[in-house]
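S.K.: Please find one structure pasted underneath; my questions will follow.
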Amino acid sequence: MSDDKLITDKDRKEWLIHQLFLSMGFLRSDTRNPFKMLNEFQYESGSNICGSETIGCSLSAYYTPDDEYYIGENKVCVADDVTKEEIIMDEAEFYPYIEKYSMEYVKNNPELKEEVLNCLQYIRKRFKLE
């Protein structure tokens, strides 16, 4: 965990999560950027590329308990470098956001529905939600 301020206010958490998915292009129809995040979440080890230059997301699976940035088992951290705020939550708590924004993406990109649904299935399995 960093020196960022841990956010507990529900509205502020929602705003920060929205900013993450917005930065990854989930609300646009002219990009495949959301697949960077969806593909990253399918596997335990990744390159931790979820987000933009100022806001990012990482999974506890990227780190070992000895690492400075380890956030606990089965956790997700969303951090904003501009506001110096972060959220830490369980993967199970974060998954509904992945699904919600993925379905928004599908509304704008219906031809990618099957590919998105396949990613979501693997993420549910990876997060042990199935």
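S.K.: Which number comes out as Rg/Rh for segment 42-130 once both Rg and the Kirkwood Rh are worked out on C-alpha atoms?
M.R.: Working: Rg = 13.9 Å, Rh = 14.1 Å.
That ratio is 0.99, to two decimals.
S.K.: Straight-line reach from Lys107: which aspartates and glutamates fall under 18 Å, measuring Cα to Cα and dropping same-chain residues less than 8 apart?
M.R.: The qualifying aspartates and glutamates are Asp30, Glu99, Glu115.
S.K.: A further question on this structure: Sum up the charges of everything whose Cβ sits under 12 Å from the Cβ of Ser58, counting Lys and Arg as +1 and Asp and Glu as -1, but leave Ser58 out. Could the numbers behind the result be given before it?
M.R.: Values: positive: Lys75; negative: Glu40, Asp67, Glu86, Glu91.
Overall, the nearby charge balance is -3.
S.K.: A follow-up question, please. Go through Ser58, Ile71, Leu6 and say which Cα lies farthest out towards the positive end of the charge dipole of the chain; charges sit on Cβ, +1 for Lys and Arg, -1 for Asp and Glu.
M.R.: Most positive-ward Cα: Ser58.
S.K.: Suppose every Lys and Arg Cβ carries +1 and every Asp and Glu Cβ carries -1, with no other charges. What dipole size does the chain come out with about its Cα centre, to the nearest 20 debye?
M.R.: Numbers: 16 positive and 26 negative charges, 105 e Å.
Dipole magnitude for the chain comes out near 500 debye.
S.K.: Compute the distance in nm between two label points, each set 7 Å from the Cα along the Cα-to-Cβ direction, one at Lys5 and one at Phe35.
M.R.: Simple spin-label model gives 3.9 nm for this pair.
Only the coordinates and a few stated rules stand behind these numbers; no lab work does. Keep in mind that this is a model prediction, so the values were computed, not measured. Positions of Cβ are backbone-derived with ideal geometry, glycine not excepted, and every protein chain shown enters the neighbour counts.
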